[in-house]
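Peer 1: I am attaching a structure below and will ask some questions about it afterwards.
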Amino acid sequence: MKTKNSFAYLEAKGKSKVWMAYANHFAGEEILEEGFNPNSGYVYIALENGVTIASSFGQDVDFIIYDEEEGQEMFLYSIEELNMYLNR
């Protein structure tokens, strides 16, 4: 059973991963919003360039973008995958 403290730990771990990804790949990009989605468990940073960096329950980051052609969110699991998608 998860306790309040273990959820706080996972949220903190996720935030650290999200901020590290921001620092490594998007430093200088304007941040529109930072937050936590209690429905999905994602902590996230939404960037002006349309990329959202997210981590669910302290796992590795996902890069989320909205694909207008497909009309849905796309979850990309590495910076390489994101770059391939954006340069298609």
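The values are calculated or read from the model by the stated rules, or taken from the named source; none is laboratory data. The model shown is predicted, which means the values in this text are computed figures rather than measured ones. In this analysis, Cβ positions are derived from the backbone assuming ideal geometry, glycine residues included, and neighbour counts consider all displayed protein chains.
Peer 1: Among the residues of segment 44-53, is any touching a Phe, Trp or Tyr at 6+ places or on another chain (Cβ under 9 Å), of a type in the set (Gly, Ala, Ser) and in contact (Cβ under 8 Å) with a residue 40 or more places away in the chain?
Peer 2: no
Peer 1: Pick from segment 27-50 the residues that are among the hydroxyl-bearing types (Ser, Thr, Tyr) and either in contact with a His (Cβ under 9 Å, 6 or more places away or on another chain) or surrounded by 17 or more Cβ atoms within 10 Å (Cβ to Cβ) (or both): which of them is farthest from residue 80 (Cα to Cα)?
Peer 2: The residue in question is 42.
Peer 1: Kindly provide the set of residues from segment 67-79 that are part of a strand (DSSP E or B), out of contact with any helix residue (DSSP H, G or I) (no Cβ under 6 Å at 6 or more places or on another chain) and at pLDDT 90 or above, ordered by number.
Peer 2: Matches in segment 67-79: 72, 73, 74, 75.
Peer 1: Out of all the residues in segment 53-66, is one or more among the acidic types (Asp, Glu), in a strand (DSSP E or B) and surrounded by 12 or more Cβ atoms within 10 Å (Cβ to Cβ)?
Peer 2: The answer is yes, given that some residue of segment 53-66 is among the acidic types (Asp, Glu), in a strand (DSSP E or B) and surrounded by 12 or more Cβ atoms within 10 Å (Cβ to Cβ).
Peer 1: So, one more: Among the numbered criteria (1) within 10 Å of the chain's Cα centre (by Cα); (2) at positive phi, which one does residue 50 miss?
Peer 2: (1)
Peer 1: Every residue in segment 27-52 that is under 17 Å from residue 75 (Cα atoms) and in a loop (DSSP other than H, G, I, E, B), please.
Peer 2: Matches in segment 27-52: 39, 40, 41, 49, 50, 51.
Peer 1: Confirm whether residue 12 is in a helix (DSSP H, G or I) and either in contact (Cβ under 8 Å) with a residue 60 or more places away in the chain or not aromatic (Phe, Trp, Tyr) (or both).
Peer 2: Yes.
Peer 1: Residues that are modelled with pLDDT under 95 and exposed (fewer than 10 other Cβ atoms within 10 Å of the Cβ): does segment 6-26 have at least one?
Peer 2: no
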